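For reference, the structure is listed below as structure tokens.
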Amino acid sequence: MTDYIKIFEGDFIIVQLLKSRLEDVGINPVIKDENESGRLGGFAGSRLPEVYVHKSELEKATPIIEAIKSETEA
């Protein structure tokens, strides 16, 4: 995953919102959710889901990330 950059780590609902907004502008993020993988495998987890984008899409993704951070911190 050296060509991908982690842009967010946090609450599942915010991750889903971020994923949706990124997809709306043609960015296909990668979601890494070890909790879900562990749950499916019968293990408990405590990690937060992470969102990654290809480094070539980071500039396009940054305003979306900032907007969601502003909305969720207000």
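The values are calculated or read from the model by the stated rules, or taken from the named source; none is laboratory data. Keep in mind the model is a prediction, meaning the values are calculated, not measured. Every residue, glycine as well, gets a Cβ built from its backbone with ideal geometry; the counts of neighbours run over all protein chains shown. Side chains included, ligands, DNA and RNA excluded: accessible areas come from the protein's heavy atoms. Shrake-Rupley method; radii C 1.70, N 1.55, O 1.52, S 1.80 Å.
Things worth noting here:
- Net charge, K60 excluded, C-beta distance under 13 Å - Lys, Arg +1, Asp, Glu -1: -3
- Accessible-area order (highest first, 1.4 angstrom probe) of the listed residues K32, K19: K32, K19
- Residue-level accessible surface for S56, protein heavy atoms, 1.4 Å, Å²: 90
- Accessible surface ranking for L48, L18, 1.4 angstrom probe, highest first: L48, L18.
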